Structure formats: structure tokens, C-alpha cells
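Data block below; observations after.
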Amino acid sequence: MKIHVKLIATYRDHLPDGTQGNTATVDVLPGSSVADVLTPFGIPLDGSTVIAVNGLTVPLDTTVSEGDRVAAFSAIGGG
């Protein structure tokens with residue numbers, strides 16, 4: 001099934017070469033979790049990352065569905 005992964009700010013560097021913009025579409029198996037989707041991108045999957053599915057913050061074990069939009073960005077910000 002197809003999932004849209006949006007990596008924001010410094011995480012954009014983890015997108016596959018040739019990706020246009022900040023979103024890549026990936027194929028995953030039914031029953032995959034957010035962690036399964038994001039692990040191949042090599043971003044930190046700990047408290048330093050904010051993860052959302054379809055605009056809602058979710059835990060890593062959340063199961064994704066066809067067409068979901070998974071977004072990730074660093075929770076660390078300057079000010």
C-alpha cells in the first residue's frame with residue numbers, strides 16, 4: 001500500500017535522491033506501523049522527533065492505512 005512521507009526542515013536530507021519537494025511516496029505492507037514506514041529514512045525515532053499521521057501526533061506503533069500522510073520533523077528548535 002502507498003504511504004506519503006513528508007520530512008520537514010533538516011529531515012529533508014533523508015529523502016531519497018531525486019525526490020521533488022519534501023514528500024516521498026513509499027510502498028509498505030498492510031499492517032505496517034509508523035516506525036516501519038520511517039525506519040528506512042534513518043531519522044531519529046525518539047523524543048527528538050515529532051511524528052504525525054494525517055495531521056495528528058501519534059506514537060510509533062500506530063498502524064498506517066493506504067494513502068496516509070506521515071510527517072516527521074525535529075522537535076528541537078532554537079529561539
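Here, each number is a calculation from the coordinates, and none is a lab measurement. In this text, all values refer to a predicted model and were calculated from it rather than measured experimentally. Cβ placement follows ideal geometry from the backbone for every residue including glycine, while neighbour counts extend to all protein chains displayed.
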| segment 2-74, relative contact order [Cα under 8 Å, separation at least 6], % | 45 percent
| query | Taking the Cβ of residue 55 as the center, what net charge do the other residues with Cβ under 11 Å away carry, scoring Lys and Arg +1 and Asp and Glu -1? | reply | +1
| remark: With +1 at each Lys and Arg Cβ and -1 at each Asp and Glu Cβ, the charge dipole magnitude of the chain around its Cα centre, to the nearest 20 debye, comes out at 220 debye
| task | With just the Cα atoms of segment 2-74, tell me how far they stretch along each of the three principal axes, in Å, largest first. | result | 27, 26, 20
| request: Post the alpha-carbon centroid distance, segment 37-79 to segment 10-26, in whole angstrom. | output: 14 Å
| Quick one: which of 53-60, 29-36, 14-21 comes out on top by average Cβ neighbours within 10 Å, and what's the full order, highest first? | 29-36, 53-60, 14-21
| query | What net charge do the residues around residue 66 carry, taking every other residue with its C-beta under 11 Å from that of residue 66, with Lys and Arg at +1 and Asp and Glu at -1? | reply | -1
| task | For segment 2-74, give the share of DSSP beta bridges that are antiparallel, in percent and rounded to the nearest 5; count only bridges with both residues there. | result | 75 percent
| note | Given Cβ charges of +1 for Lys and Arg and -1 for Asp and Glu, the option among 9, 39, 65 whose Cα lies farthest towards the positive end of the dipole of the chain is 9
| Excluding residue 45 itself, what net charge comes from residues whose Cβ is under 12 Å from its Cβ, given Lys and Arg +1 and Asp and Glu -1? | -3
